[in-house]
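Read the figures in this text as sums done on the coordinates, not as results from a lab. Keep in mind that this is a model prediction, so the values were computed, not measured. Note that we place each Cβ from the backbone using ideal geometry, even for glycine, and neighbour counts take in every protein chain shown.
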Amino acid sequence: MKRALLVVFACFTFTQTFSQYNFYRLAAGGFAGPNTAFADVSKKIPAPTIGGALDWFVTPFTTIGLELQKGILSGGDRMRDPHLRFFQNNYSTLTLGTKVHLGQVIDFRNSNFLYAIKHLYMGIGIGVIKNSIKEDKIVRIQPGTGWQFPGTDKSTNVTVPVNAGMNFNIVDRWGYTRYIFNINYQLNITAGEGLDGYNDASFGSPWSNIPDMYGFASVGLKFCFGPQGLYY
């Protein structure tokens, strides 16, 4: 009888150990990659963006975080654009967002495939984008006609970032996730027409009748630290 109880106790202890682990609550790091503006000019010009993020892990599969971006958005062509328009916007954003990984909503313990993709995620946020276009980085007067394109060179708009990506965790010798390598695609939807400095649908592209947006593909690396959480 005592031996049977010992076996039951050992099994229970093993199950508890298998089904829980510790994780760091905080992660900070940087990222970089190319962006593409979907604004009121026909030609798209890829340009660079860099940024940093600070995340709080509610669980190992759900985060809330702050993100800062700084980069260049560009489009058009002074010679080949249908309306001879061109812009280059030095922008910056500050957003608050959340990401939910697949591992939060599926049981991946009995499937090698699901285990491998448990850190696929989707996310959404809200924040502000500050647009700044220098006078020599935009065609404000149409050559040959003297028409002045409506719009402003400086503006601040609300932006909604929508994310999709995957984390690759790098553990230390104690089994804790210490580094996170990340690939991500983010679509930023802005509440305004400030990305390109133009606000005249009659001279635009197919994107003219919807708010300005930009897409941003990035790779990043984060360092995990801080207080520990326990996940079952």
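Remarks
- Counting only Cα atoms, the chain measures 98, 29, 24 Å along its principal axes, largest extent leading.
- Relative contact order (%) - segment 94-202, alpha-carbon pairs under 8 angstrom, separation at least six: 26 percent
- 15 Å beta-carbon shell around THR62, net charge (K/R +1, D/E -1): +2
- Radius 10 Å from Cβ of ASP153, net charge of other residues (Lys, Arg +1; Asp, Glu -1): +3
- Listed residue pairs exceeding 23 Å between alpha carbons, taken from LYS70/LYS134; LYS44/LYS222; LYS44/LYS118; LYS70/LYS222; LYS99/LYS154; LYS134/LYS222: LYS44/LYS222; LYS44/LYS118; LYS99/LYS154; LYS134/LYS222
- Angle in degrees between helix 2-18 and the longest Cα principal axis of the chain, rounded to the nearest 10: 10 degrees
- Multiplying the residue separation of GLN20 and VAL171 by 0.36 nm and subtracting their alpha-carbon distance yields 52.8 nm.
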